Amino acid sequence: MSRRAVNRTLLAVVGLLLLAGGVLVLLGGLDVYRRLGVTPPQHWPFTSPDQPVLSTASRTRWKDEDWFWPVAIAVPALVVIGGLWWLFSQLRRGGPAGVDLPSPAAPGRPHFALHVRSRAVEDAIETETVALPEVDRVTVRVTGAARRPEVHTVLRLTPGADTAALVDAYRTGPVEHARHSLGLTTLPAELRLRVARPRKNRTKTPRVR
C-alpha cells in the first residue's frame, strides 16, 4: 500500500472517530435526548449536560489494580509517539536522495562510487516524456533504495490520445534510456495515465512540473 493510501486511510479513521465523539458530546451537551424523549442505552456516554466525560465509578474502577497505572501511562505515550512518527514520516522524502551507479573497479585502479541525485533522474525522464506525442503534463518520482530505484510516473494525456502507443513509447524511450544511462540491469517503472479535460479556444502546450 502506498504512503498516500495509508495516509488517507489513517486520516479517514481518525476523522470518523473524532466525528463520532463530537456528535455524542454535542447531543449530550444540548440535552437532545431529553428534548426528543429518547432514552439512550444504560451505559451510553454523554446523555445530559451535567454528565462528566468519565464518571467517578469509571475513574476509580481499576485504580487498585497493579496494571492500571502502567497501562494508563503507556497507552497515551504510544499514541503520542505514533503521532510524532507519522508527522515526521510526512516530512521525509518518499524516495532516495540519489541513485548509486554500478562502477566496478578496473585492474590497477582504485574503486570509486558514482552517485546521481534523484531529482536529476526525475528531470531527465520528465523532459524526455513530455516531448512524447499527446502528452499534456508529466510528474515523475524516483523511489526505492539507492541501489534498486523505481520510477513512478503520472501522465496527463490530451483527449483522444493513443494510450497503447504512448505506453510503448514511454517504456522503450524514457525508461529504457534512463536504465541504460544509469547502468542498471532493470529499472521497474509504474505508469499512471490521466486524460485532460477538453479546453475550448485554447492551445495545449506540453509542460513539465
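Just so it is clear, none of the values below were taken in a lab; they were calculated from the coordinates. Here the structure is a predicted model, which is why all the values come from computation and not from measurement. Every residue, glycine among them, receives a Cβ derived from its backbone with ideal geometry; neighbour counts consider all protein chains shown.
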Quick one: length gained pulling residue 192 to residue 176 fully straight, 0.36 nm per residue minus the C-alpha distance? 4.0 nm
Taking 0.36 nm per residue of separation and subtracting the Cα-Cα distance, what length does fully extending residue 72 through residue 185 add? 35.4 nm
In what sequence, highest mean first, do 37-48, 143-154 appear when ranked by Cβ atoms within 10 angstrom? 143-154, 37-48
Using mean Cβ contacts within 10 Å as the protection proxy, how do 184-196, 165-177 order, highest first? 165-177, 184-196
